[in-house]
Protein chains: 2
Amino acid sequence: MNIDFTDEEKNGLYKAIFSRRDVRSNFTSEPIDDKTLSRVLNAAHHGPSVGFSQPWNFILIKDITTRKKIKESFDKEKERSSHIVQEPKKSKYLSLKLEGILDSALNICVTYDPSKFGPFVIGRSSIPETGIYSVCCAIQNLWLAARTEKVGMGWVSILSNEVLKQVLDIPEHVLPIAYLCLGHVSKFADKPDLQTLGWLPRLDLKDVVYFEKWNRTQDTMWEQIRNMIASNLDYA
Amino acid sequence: MNIDFTDEEKNGLYKAIFSRRDVRSNFTSEPIDDKTLSRVLNAAHHGPSVGFSQPWNFILIKDITTRKKIKESFDKEKERSSHIVQEPKKSKYLSLKLEGILDSALNICVTYDPSKFGPFVIGRSSIPETGIYSVCCAIQNLWLAARTEKVGMGWVSILSNEVLKQVLDIPEHVLPIAYLCLGHVSKFADKPDLQTLGWLPRLDLKDVVYFEKWNRTQDTMWEQIRNMIASNLDYA
């Protein structure tokens, strides 16, 4: 495969990254065709994995009875978590639409199976959690691929993993990592909903980049890039 | 932003996904220019994050003294982990090049700070680990963006997090998630090294996809896509 990317190919990757959204609404009734679904699953399956362990599984869910059980868990967890927020944020939080479990075309539960190719997996001995990190990278592939296919995806994290395991017959040693809702959408929002709503601002890039050590924001060796990031020059 | 992707833009995303490699060798001496580095960091910063918490930081490292200390930790951990592998795999494992800490242009430590915008982060109450998952998704953005810029990246996971924290002055409450080596390369391998070496095979997509419940590989509602995936029709 050619090492080079054309400008348009490169632009395609950045466009997917910058226009990807965590989608909870605007799902249409259009089904996801099998070829599109195969492509996004294949993209996920080509994620990086520690020691090439490929420790992921994808459970595709359409069944409405299953989804209703998951939605019940969401409702319960959302209510429960609202008790730790103070007003006026509490009311705002409760009014947010945070899932599309029933109104999306498809749900996918992505799981982590540490026993796959185990017990010795190259690179997983010192930091065992890297197996989980691999699954997350695969999920991001799926998310970006879905975006280029005009399929919106939302990650529902207000759930009980115990309920997920029970409802989906997931064995004890396997960990659910993500519960995803996918479907074609009428539009993608320009910005993340929580940014638009004023819940939280997007941080400046300069505030998340350090030089050589934690919390070091000035460094002679890094003067030029620090200025570039800080002055918001067009680096996109 | 236009919801649609042109075929070439879409191809750019898939090309990045399928040709991304975990790079440990073939680094050239060409430095990564500041604009390119800013772009890939910005791509990472536009990863998804639970409750828009953006809990990541990126410590850019060039200092050779720092890198040597990290390399020492790698050597120690690699030796340590080799004791849990049996021959003949042990010798093969020990012969593998698994890092480019000193021969890459740049190292980046990516960290997770749960205190950012906390303690209440939307969607993080039921499954606190979702904060870590966000950081992993950002890393995958960085990896893909680097690939389109012809910058190879390798994730070194044979390390002690305690050493990383100590060497980089990372505070107690912050968790190192990844230690990355980046640099321009003379080539990208066609396949993952561990696949080429015959260490592990790539699984078939059909073997990682289940329908409706864990381990269910047959389902009337899913017949068509099951066949498509199983017969390896061209879904890429």
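The values are calculated or read from the model by the stated rules, or taken from the named source; none is laboratory data. Remember, it's a predicted structure, so these values are computed and weren't measured experimentally. No Cβ is skipped: glycine too gets one built from the backbone with ideal geometry, and neighbour counts run over all protein chains shown.
In this structure, is A:Cys181 in the same structural domain as A:Phe74 (by TED's automatic domain parsing), under 27 Å from B:Gln166 (Cα atoms) and surrounded by 14 or more Cβ atoms within 10 Å (Cβ to Cβ)? Judged against the criteria, A:Cys181 is not a match. B:Gln218 fulfils the conditions (1) at pLDDT 95 or above; (2) more than 8 Å from chain A (Cβ to nearest Cβ) except for a single criterion, (1).
For segment A:140-160, which residues satisfy the criterion of being more than 11 Å from the chain's Cα centre (by Cα) and in contact (Cβ under 8 Å) with a residue 40 or more places away in the chain? Passing the criteria: A:Ala145, A:Ala146, A:Arg147, A:Thr148, A:Glu149, A:Val151, A:Gly152, A:Ile158, A:Leu159, A:Ser160.
For segment A:5-47, the candidate set comprises residues that are among the acidic types (Asp, Glu) and more than 7 Å from chain B (Cβ to nearest Cβ); within that set, the residue that is surrounded by the fewest Cβ atoms within 10 Å (Cβ to Cβ) is A:Asp7. Only one of the numbered conditions (1) crowded, with 18+ Cβ neighbours inside 10 Å; (2) within 8 Å of chain A (Cβ to nearest Cβ) is violated by B:Phe120, and that is (1). Only one of the numbered conditions (1) crowded, with 18+ Cβ neighbours inside 10 Å; (2) facing another protein chain (nearest Cβ under 10 Å) is violated by A:Lys89, and that is (1).
Residue-wise test of (1) assigned by TED's automatic domain parsing to the domain that holds B:Lys71; (2) buried (at least 21 other Cβ atoms within 10 Å of the Cβ); (3) in contact with a His (Cβ under 7 Å, 6 or more places away or on another chain); (4) under 23 Å from B:Pro171 (Cα atoms).
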{"site": "B:Ser126", "(1), (2), (3), (4)": "yes, no, no, no"}
{"site": "B:Glu129", "(1), (2), (3), (4)": "yes, no, no, yes"}
{"site": "B:Tyr133", "(1), (2), (3), (4)": "yes, yes, no, yes"}
{"site": "B:Thr148", "(1), (2), (3), (4)": "yes, yes, no, no"}
{"site": "B:Gly154", "(1), (2), (3), (4)": "yes, yes, no, no"}
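In this structure, does A:Ser160 turn out to be surrounded by 24 or more Cβ atoms within 10 Å (Cβ to Cβ) and either modelled with pLDDT under 95 or of a type in the set (Gly, Ala, Ser) (or both)? No; evaluated as a whole, the condition is false for this residue.
Among the residues of segment B:48-64, those identified as within 7 Å of chain A (Cβ to nearest Cβ) and closer than 12 Å to A:Val208 by Cβ are B:Gln54, B:Trp56, B:Asn57, B:Phe58, B:Ile59, B:Leu60. Restricting segment B:92-108 to residues that are closer than 30 Å to A:Thr220 by Cβ and among the charged types (D, E, K, R), the residue that is surrounded by the most Cβ atoms within 10 Å (Cβ to Cβ) is B:Glu99. Total residues in segment A:156-176 satisfying the condition of being at the interface with another protein chain (Cβ under 7 Å from one of its Cβ atoms) and under 19 Å from B:Ser53 (Cα atoms): the figure is 3.
Go through segment A:174-191 and give me each residue that's touching an Asp or Glu at 6+ places or on another chain (Cβ under 7 Å) and not hydrophobic (A, V, I, L, M, F, W, C).
Answer for segment A:174-191, where residues must be touching an Asp or Glu at 6+ places or on another chain (Cβ under 7 Å) and not hydrophobic (A, V, I, L, M, F, W, C): just A:His184.
A:Cys137 - would you say it is within 15 Å of the chain's Cα centre (by Cα) and facing chain B (nearest Cβ under 8 Å)? Yes. Number of residues in segment B:32-47 that are out of contact with any strand residue (DSSP E or B) (no Cβ under 8 Å at 6 or more places or on another chain), farther than 13 Å from A:Phe5 by Cβ and not acidic (Asp, Glu) equals 5.
Residues in segment B:48-69 that are crowded, with 22+ Cβ neighbours inside 10 Å and out of contact with any strand residue (DSSP E or B) (no Cβ under 7 Å at 6 or more places or on another chain): 6 in all.
Please go through segment A:221-236 and pick out each residue that is more than 7 Å from chain B (Cβ to nearest Cβ) and either surrounded by 12 or more Cβ atoms within 10 Å (Cβ to Cβ) or of a type outside the set (Ser, Thr, Tyr) (or both). Matches in segment A:221-236: A:Glu223, A:Arg226, A:Asn227, A:Ala230, A:Asn232, A:Leu233, A:Asp234. Scanning segment A:44-59 for residues that are at negative phi and in contact with a Ser or Thr (Cβ under 9 Å, 6 or more places away or on another chain) gives A:Gly47, A:Pro48, A:Ser49, A:Val50, A:Ser53, A:Pro55, A:Trp56, A:Asn57, A:Phe58, A:Ile59. A:Asp234 meets all of the listed conditions (1) within 28 Å of B:Tyr179 (Cβ to Cβ); (2) over 24 Å from the mean Cα position of the chain (by Cα) but one, namely (1).
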